[in-house]
Amino acid sequence: MESPFQISIFDKAFVWKGVLGSPTFQSWTPRFNKLGTGEFGVAPTDPMLAFLYAPGARVRVTYKGEHQISGPVLHPSGPLATNGTVTFQVEDDGRALQNTLAWVNPQNVLTPTALTASSSAALAQSWLPDGPSSVGPDGTTQGQYGYMVWPVEVVSAESAVKWLVSTNAVGRLNRPITVAADLVRGGDAVAAGMLPQVRMGQLDEAVAELLEWSGLGLKLWHDGVNPTVYADVWAPTVWPQTLTVESGIVVAGEWSKQNPTATRIVVGGPGEDVARAFWGVTDAAREAEYGDIIEVFRDATGANLDWPSTLAEVYRVAKYYLLRGEVSAAAKTEFRKQLNMAAGRGLTEGAPTSGLSLELSETVSFFYGPGGFHVGDQITVESNGLYFTDRITECEMSETVEAGVIVTPRVGSRQDDPDTIFARSIERLAAAQRQISTSK
């Protein structure tokens, strides 16, 4: 039986070198808004090995003619003898987002080259949100702001994601990425307070909250023809069929429901001891629904205090910032926005959840690939009169001589699963540590 997979090989300049005819095994896992990965094996005598060994070699994998993963081949390993298997790892082209930083001022120089207060050469990685009139003497940072200032034309989630990718990955690093035209999808991120604070974090982390909030998917792929990686967002499909165990589609799984772990947030802003600024946000609807109050503290010491130069140091008290008439309305609005964003993240993390952990099986009416479901699609499962809606987060696809082709889509993850909680905690800890190191 002819394999539904095809592995095409390219060099680092996207020049096609051929198709891998007979891999000894292959395993691919495309993921929704996460890094897709893969692994495949080749006999030590395969004529395509010379191309795969070349620095920067790439592959593009299709399943039933439909794109699944494209990206560089990494970390080869194999036997010294002529028998056995040479194994390669593959990371999806989305790795470019992990390997790119989101600069404070991506269209400016990294290191200052002049002292002239309002010049781009002096600002380097900072901004003047209140314009040149707010600057101090040459060589000072008075009036400067240490986080990225979003362009006024960026409003939707899609616009924000594509602006970050375009300015950092393409404009700044000149990566071979072509960003699709902005169709302004995903909702008003400005009105929702979802535009993230950006300060030298990983690009994938900078866009993560925007994608989660909007429900959009972000994909980077090589089409196998042009010497570029394309980047675009899309709105995943809502699968119309309700899935059940009886249908043969749901093979195994568990569900869980979790009550909220936060209904109101106390934000600790900048300032020390009695001078610290605090801010409170309450989800009244959540408290009314559950008849419960759960108060949680969130830190926001990085919120910016843009003090006017005319105000004496003794009066620059953080908790009085919003009461000071000397502080501009724009600066106060920005300060409130940063505090509300910290509160919003806390409420999102503490929201009630219903989690699924499922393994699905392909049937005549439910199958992966062209005309069927895809990673990112939203499905509904019924179990004993309870209905759960979640997203297909990844799909494991493999082919071996012994087992043939196996396709295993996975839906969500149980919110109370110890392994999931541990992995998520490690991810958040690593992200928080990176945020601390870049916010100094």
Are there any pairs with C-beta distances below 9 angstrom linking a residue in the range 281-297 that is among the polar types (S, T, N, Q) to a residue that is at pLDDT 95 or above and surrounded by 12 or more Cβ atoms within 10 Å (Cβ to Cβ), with the two at least 6 apart or on different chains, and if so which? 282/263; 282/264; 282/265
Considering the range 320-340, residues that are among the aliphatic types (A, V, I, L, M) and crowded, with 20+ Cβ neighbours inside 10 Å, and then whichever is nearest to residue 206 (Cα to Cα), we arrive at 339
Restricting attention to the range 166-185, which residues are over 13 Å from residue 228 (Cβ atoms) and in contact (Cβ under 8 Å) with a residue 24 or more places away in the chain? 167, 168, 171, 172, 173, 182, 183, 184, 185
Given the criteria surrounded by fewer than 17 Cβ atoms within 10 Å (Cβ to Cβ) and of a type in the set (Phe, Trp, Tyr), does residue 63 qualify? no
Going through (1) in a helix (DSSP H, G or I); (2) without any contact (Cβ under 8 Å) to a residue 40 or more places away in the chain one by one, residue 45 fails only at (1)
Being of a type in the set (Asp, Glu) and within 23 Å of residue 258 (Cα to Cα), is that true of even one residue in the range 346-364? yes
With criteria (1) part of a helix (DSSP H, G or I); (2) surrounded by 14 or more Cβ atoms within 10 Å (Cβ to Cβ), residue 303 comes up short on (1)
Mind checking which residues of the range 246-280 are β-branched (Val, Ile, Thr), under 23 Å from residue 351 (Cβ atoms) and surrounded by fewer than 17 Cβ atoms within 10 Å (Cβ to Cβ)? 261, 266
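For every residue, the table says whether it meets (1) touching a Pro at 6+ places or on another chain (Cβ under 9 Å); (2) under 29 Å from residue 61 (Cα atoms); (3) outside the structural domain of residue 16 (by TED's automatic domain parsing).
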{"position": "217", "(1), (2), (3)": "yes, yes, yes"}
{"position": "227", "(1), (2), (3)": "yes, yes, yes"}
{"position": "251", "(1), (2), (3)": "no, yes, yes"}
{"position": "283", "(1), (2), (3)": "yes, no, yes"}
Considering the range 375-410, residues that are among the polar types (S, T, N, Q) and over 14 Å from residue 251 (Cα atoms), and then whichever is surrounded by the fewest Cβ atoms within 10 Å (Cβ to Cβ), we arrive at 384
Residues that are in contact with a helix residue (DSSP H, G or I) (Cβ under 6 Å, 6 or more places away or on another chain) and modelled with pLDDT of 90 or more, drawn from the range 185-197: 185, 186, 187, 189
Going by what's in this entry, would residue 35 be described as surrounded by fewer than 19 Cβ atoms within 10 Å (Cβ to Cβ) and assigned to a loop (DSSP other than H, G, I, E, B)? yes
Can residue 369 be described as surrounded by fewer than 19 Cβ atoms within 10 Å (Cβ to Cβ) and under 21 Å from residue 36 (Cα atoms)? yes
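The values are calculated or read from the model by the stated rules, or taken from the named source; none is laboratory data. Note that the structure is a prediction, hence the values are computed from the model and not measured. As a convention, Cβ positions derive from the backbone with ideal geometry for all residues, glycine included, and neighbour counts pool all protein chains shown.
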